[in-house]
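The structure appears right after this line, and notes come after that.
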Amino acid sequence: MGNKKVKFGQTEIGSLSLSEEKISYLLENTEYDRDEIIQWNASFLKDCPNGYLDKKMLIKTFQKLYPNGKPEKMCSKLFNALDIDRDKRVDFVEYLVGISHLSSLDIKKKLQLTFRIYDHDNNGKVNRKKMEKMIVAIFDLNGVKERTGENDPKTKANNIFKRFNKESNGFLNEEEFINGCLTDNYLIDLFAEYRI
């Protein structure tokens, strides 16, 4: 129990111990130093003594961060993006890599994670429907009530596609999404400004 191991890049994840291999992986893939990784691990194990974060715990955390919003949709998608090995739970390595991206000052990293959150089938594409759902979930999270006219999620998704879908193929790939967002401060605010 708690010792199941799953390959993740060049390291194994899933056990409760914080091996040198895991620390090395996290040093390479997060913005944290060794002491911060150890502190994050202690905090994670305090909140998740079995070594895994479940979806309910993630929702509870986001309800505290966004008391006026409805974080359920966003948390469901975020959880799936963090659960890299698709075992329906998030271990410490998966968690810290995700938190590092969300709390990063690097907007591009945040946009990469945002894209991954909504590319839940991992096909490297987001269609208009996924984009609309992305906008609805972000509005829900932030308690945005006004959703008519230019603030209608479908209208916003259509406008994004008109501007950024250069190939007019009905999909945005990660590069189109990130490059498009980087040219628009409103979209950076919409898609990349998480409070963690």
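Quick note: the coordinates plus some simple rules give every number you see, no bench work behind them. This is a predicted model, so every value here is computed, not measured. Counting neighbours? That spans all protein chains shown, and the Cβs are built from the backbone with ideal geometry, glycine included.
Using R₀ = 25 Å, calculate the FRET efficiency as 1/(1 + (r/R₀)^6) where r is the Cβ-Cβ separation of residue 34 and residue 106; round to 0.05. Efficiency computed from Cβ-Cβ geometry: 0.75. Taking 18 Å as the cut-off, the amide N atoms of the range 130-163 that come nearer than this to a point 7 Å along the Cα-to-beta-carbon line of residue 179 belong to 160-163.
About its Cα centre, the dipole of the range 84-151 is roughly 200 debye, where the only charges are +1 on Lys and Arg Cβ and -1 on Asp and Glu Cβ.
Taking a ≥ b ≥ c as the square roots of the eigenvalues of the alpha carbon gyration tensor, the range 107-192 is rounded, as a/c is under 1.5. Taking the Cα centre of the chain as reference, the dipole from Cβ charges on Lys and Arg (+1) and Asp and Glu (-1) amounts to some 880 debye. Assign one of three labels to the range 145-186, namely rounded, prolate or oblate, based on the Cα gyration tensor with a ≥ b ≥ c the square roots of its eigenvalues; rounded applies when a/c is under 1.5, prolate when it is not and a/b is larger than b/c, and oblate otherwise. The shape class here is oblate. Computed over the chain, the P(r) tail beyond 25 angstrom holds 38 percent of alpha carbon pairs. Across 131, 74, 57, mean-square fluctuation computed from a Gaussian network of the chain (C-alpha pairs under 10 Å connected) peaks at 57. Considering only 93, 126, 144, the Gaussian network model of the chain with Cα springs below 10 Å gives its largest mean-square fluctuation to 144.
With R₀ set to 22 Å, the beta-carbon distance separating residue 162 from residue 86 gives a calculated FRET efficiency near 0.05.
A DSSP coil position with no more than 12 other Cβ atoms inside 10 Å describes the following trypsin sites (Lys or Arg not before Pro) in the range 24-119: 86, 88. When the Cα gyration tensor is reduced to axis lengths a ≥ b ≥ c, the ratio a/c is 1.5 or higher for the range 49-107, and with a/b not above b/c it is classed as oblate. Looking at the chain, identify the longest residue range that excludes and avoids all GluC sites (Glu not before Pro) in DSSP loops having at most 15 other Cβ atoms within 10 Å. So the longest stretch without any such site is 32-145.
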